[in-house]
Amino acid sequence: MRTAPLRTDDVREVSRVGQIRDEMEPRIAQLMDLKLARRETGPYRVANSQELEVRLAAMLPAIGQDNARLTSFGRMPGGASKEQFFFAVDRGGGEEERLVLRVDPLEAIVETCRYREAEVLNALRGIVPLAQVRFVDGDGSKLGAPSMATTFVNGVTKPPSDGNLTISGVGTSFNAAWRERLLPQFLGNLTAIHKFDWRKADLPHFSAPLDFPGQAALWQVNWWTRVWREDAVAPYPMLTLAEQWLRRNLPECREPVLVHGDFRTGNFMFDAETGEMTAVLDWELAHIGDFHEDLAWILQRLFATPAETGELMACGLITREGLIKAYESATGSTVNRRTLAFYEILCAFKCAAMNLGTGSGIAARGNNHQDVLLSWMAPVGHVFCNEIARLISEEMAS
Amino acid sequence: MTPGFEIRLSSMIKALEQVVLPAVEPGNGFATEQLAITIGQLEMLRLQWPYAHGYAERCLDDIVALGRSVAHHASSPTGDAVMDSVLLAGESDASSTDELIAQRDRIGNVICAAIEDIAIQGDEHKWRTVAKLVIEHEGLAHERNRAWFARTGMDPQSSEWPPIQTLVRQN
């Protein structure tokens with residue numbers, strides 16, 4: 001039994017000197033162990049839609065859809081992380097329900113857990129707009145690979161007038177009228193997630209960093225530096241430096257919140273006519289942690305686009321200072337600028353690791369359904385390396 | 001070498017754009033998306049190919065320069081390992097692009113080990129010095145890398161980078 005609480009300074013020192021790398025959320029560590037074992041079984045063959053359709057039709061009774069009949073099935077585009085399919089079921093009344101099936105490929109740009117994703121979607125039902133979970137095959141015992149089906153949500157992820165080809169919402173911009181409609185909902189959903197009382201929720205596959213104040217940050221540093229170490233295809237001194245900087249500068253978090261983990265433009269849908277948000281998407285990186293992490297993600301340079309005036313807008317919606325002030329006003333929390341800088345560097349590190357490391361490695365092993373997309377996206381990691389350099393320079397100068 | 005890479009890549013792009021793409025079922029967004037990216041990759045390869053060796057040379061030159069600076073500030077044995085690999089690269093007459101890349105990676109690995117070593121030693125002056133060197137190196141690397149991949153359209157500042165032929169020499 002621990003006799004005195006750990007001090008963050010001690011943890012920083014141990015992290016720097018001893019390089020404690022095993023201290024991370026247990027389920028995440030387990031997923032990463034499984035990934036290492038699974039990757040050796042590649043290369044991956046893109047899921048055969050017809051085989052999957054047959055398996056899905058056969059499993060409907062096993063997932064509580066006793067009288068349901070599969071009426072349509074097909075592949076959806078996009079999805080650098082999971083293979084995506086649409087399907088519809090008729091439960092006998094002649095009324096179809098449209099659903100979306102997401103299936104894990106052998107390796108994905110992020111290694112995540114379908115149980116966790118379903119748990120958080122169920123927990124937040126009625127709090128923010130969401131797709132509803134219809135079934136989870138978390139260990140892949142029914143469909144052959146971990147998967148989850150949710151209701152199909154109508155809506156768009158970018159304004160109908162924006163004809164630009166964008167990947168994963170990157171580069172999406174909004175004019176003043178769209179910003180006025182979307183920004184209050186964007187901030188409202190973010191603060192609702194952070195105010196959610198996760199302690200009372202049923203989240204059995206989640207753990208909370210409550211042992212010492214630096215644990216939230218240390219778990220994230222250890223998660224993403226492990227991703228980089230295991231997935232890197234070439235050494236990048238800038239990322240090694242960033243890891244060491246992060247270990248030396250772990251911030252404290254005394255009131256962890258539910259963090260979405262990928263809260264940005266491209267990951268919410270809205271009605272193309274009214275602008276009403278219909279769903280917050282992509283919950284696979286959700287975890288219990290520091291609220292600064294979601295703010296830092298929103299502020300990543302790659303997700304920013306200029307307004308009509310040329311001013312850079314985070315996620316195309318709001319200025320940096322505007323976001324900080326609006327968040328403080330809505331939550332009563334104080335945004336600590338140094339903690340925010342730490343998480344901006346960590347988030348840029350994550351993106352660099354995902355793209356230069358995981359995406360390139362998967363494409364090299366041929367272990368995903370979108371190898372060609374992953375190798376196309378990988379160079380974006382250089383944008384994040386440069387952001388890390390800029391941010392660390394600023395922090396070291398301050 | 002006849003037909004050369006340029007002819008073969010151009011003819012593949014034409015076939016995919018003018019024959020295969022129109023033949024893809026309009027509702028098959030997955031295939032259309034992957035085909036569009038494939039065409040984009042082939043076009044980028046066609047433009048990069050004449051400069052690939054020069055690009056690898058630049059990468060190696062830059063990492064050698066960083067290695068020399070880091071070795072000067074890192075204490076042995078890691079510093080010695082960096083210097084050894086840097087000297088080895090200097091003496092070697094690697095001729096293929098793959099050999100240049102492998103050398104770059106070998107030196108990069110020992111530099112990364114040295115950075116970790118310096119961080120663990122806890123000498124604040126050394127740490128700040130090495131951090132400054134790595135950040136300066138990143139300034140060179142990012143311009144070269146982002147210019148090289150500007151055509152992916154994923155870089156918000158892609159219009160700011162110089163043409164690749166101004167950064168690296170032709171094969």
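The values are calculated or read from the model by the stated rules, or taken from the named source; none is laboratory data. Quick caveat: nothing in here was measured; it's all calculated off a predicted structure. Virtual Cβ from ideal backbone geometry, glycine too; neighbours counted across all protein chains shown. Keep in mind that these areas ignore ligands, DNA and RNA; they rest on the heavy atoms of the full protein, side chains included. Shrake-Rupley method; radii C 1.70, N 1.55, O 1.52, S 1.80 Å.
Go ahead and run the numbers for FRET between A:E276 and B:D93, Cβ-Cβ distance against an R0 of 56 Å, rounding to 0.05.
In this case the efficiency is close to 0.25.
Translational D (Stokes-Einstein, µm²/s) of the range B:5-50 at 20 °C and 1.002 mPa s when Rh comes from the Kirkwood sum over C-alpha pairs?
Values: Rh = 10.9 Å.
My calculation gives 196 µm²/s for D.
Could you give the nm distance between label points at B:A31 and B:D80, where each point is 7 Å from its Cα heading toward the beta carbon?
If labels sit at B:A31 and B:D80, their model points lie 6.2 nm apart.
Can you give the extra length, in nm with one decimal, that the chain gains between A:E180 and A:R320 once fully stretched, where that is 0.36 nm per residue apart less the Cα-Cα distance?
48.8 nm
Would you mind checking the tilt of helix A:26-39 against the longest principal axis of the Cα atoms of chain A, expressed as 0 to 90 degrees and rounded to 10?
For A:26-39 against chain A, the angle is about 60 degrees.
Based on alpha-carbon positions alone, could you give the equivalent ellipsoid semi-axes of the range A:268-311 from the gyration tensor, as √(5λ), descending, whole Å?
That gives 23, 20, 8 Å for the three semi-axes.
Please report, as a whole percent, how much of the solvent-accessible surface of the range B:5-50 comes from carbon and sulfur atoms (probe radius 1.4 Å).
Heavy-atom surface of the range B:5-50 belonging to carbon and sulfur, 1.4 Å probe: 66 percent.
Taking the range A:299-398, which GluC sites (Glu not before Pro) meet the DSSP loop condition and have no more than 13 other C-beta atoms within 10 Å?
Those satisfying the criteria are A:E308, A:E311.
For a 30 Å ceiling on Cα separation, which of these pairs sit above it: A:K158/B:K132; A:K325/B:K126; A:K82/A:K350; A:K350/B:K132?
In this structure, A:K158/B:K132; A:K325/B:K126 exceed 30 Å between Cα atoms.
Rg/Rh for chain A to two decimals, with Rh computed the Kirkwood way over all alpha-carbon pairs.
0.95
Shape verdict for the range A:49-151, please, from the Cα gyration tensor: rounded (a/c under 1.5), prolate (a/b greater than b/c) or oblate. All intermediate terms of the calculation are to be shown ahead of the outcome.
Details: a/c = 1.60, a/b = 1.18, b/c = 1.36.
Cα axes put the range A:49-151 in the oblate bin.
Stokes-Einstein D for the range B:52-166 at 4 °C, 1.567 mPa s, Kirkwood Rh over Cα pairs, in µm²/s?
Answer, rounded: 86 µm²/s.
For A:F152 and A:N336 in one chain, what is 0.36 nm times their gap in residues minus the Cα-Cα distance, to one decimal in nm?
Once the chain is fully extended between A:F152 and A:N336, it gains 62.4 nm.
Run the Debye formula on the Cα coordinates of the range A:286-380, all scatterers equal and no solvent, and tell me log10 I(q)/I(0) at q = 0.13, 0.15, 0.20 1/Å.
Taking Cα atoms of the range A:286-380 as identical point scatterers yields -0.57, -0.71, -0.98.
Okay, which of the range A:358-379 sit inside 12 Å, backbone N to the point 7 Å along the Cα-Cβ direction of B:Q48?
A:375-379, by backbone N distance to the label point.
What ³J(HN,Hα) values, in whole Hz, does the Karplus curve 6.51 cos²θ - 1.76 cosθ + 1.60 give for the range A:110-117 when θ = phi - 60°, with x put for Gly and Pro?
Whole-Hz 3J(HN,Hα) from phi for the range A:110-117: 10, 8, 9, 10, 5, 4, 4, 4.
Can you compute the label reach from B:N171? Point 7 Å from Cα along the Cβ direction, backbone N cut-off under 11 Å, restricted to the range B:1-45.
Answer for the range B:1-45: B:1, B:4-7.
7 Å from Cα along Cα→Cβ at both B:R8 and B:D61: what's the point-to-point distance in nm?
Modelled inter-label distance: 2.9 nm.
Averaged across B:128-141, how many Cβ atoms of other chains sit within 10 Å of each residue's Cβ atom?
That works out to 5 on average.
Which value, in Å² and to the nearest 10, is the accessible area of B:E43 when all protein chains are kept and the probe is 1.4 Å?
40 Å²
I want to verify a result. In a Gaussian network model of chain B, Cα cutoff 10 Å, which of these has the top mean-square fluctuation: B:E116, B:E33, B:E57?
Among B:E116, B:E33, B:E57, the largest GNM mean-square fluctuation belongs to B:E33.
Can you tell me the orientation of helix A:8-18 relative to chain A, as the angle in degrees between its alpha-carbon axis and the longest Cα principal axis, to the nearest 10?
80 degrees
Can you give the FRET efficiency to the nearest 0.05 for A:R69 and A:E328, using r as the Cβ-Cβ distance and R₀ = 56 Å?
It comes to 0.60.
Can you list the HN-Hα couplings for the range A:184-191, worked out from phi with the Karplus curve (6.51, -1.76, 1.60; θ = phi - 60°), rounded to whole Hz and with x for Gly and Pro?
Values, residue by residue: x, 6, 4, 5, x, 5, 4, 5 Hz.
Nearest 500 deg cm²/dmol is fine: what mean residue ellipticity at 222 nm does the protein assembly as shown get from its DSSP H runs of n ≥ 4 alone, each adding -39,500 (n - 2.57), divided by its residue count? Don't skip to the end; give the middle numbers.
On the way: 19 runs with 278 residues, N = 569.
One gets -16000 deg cm²/dmol as the mean residue ellipticity at 222 nm.
Please report, in whole Å, how far the alpha carbons of the range A:141-244 spread along each principal axis, starting with the longest.
Result, largest extent first: 44, 42, 39 Å.
Any chance you could give the angle, 0 to 90 degrees and rounded to 10, that helix B:52-73 forms with the longest Cα principal axis of chain B?
20 degrees
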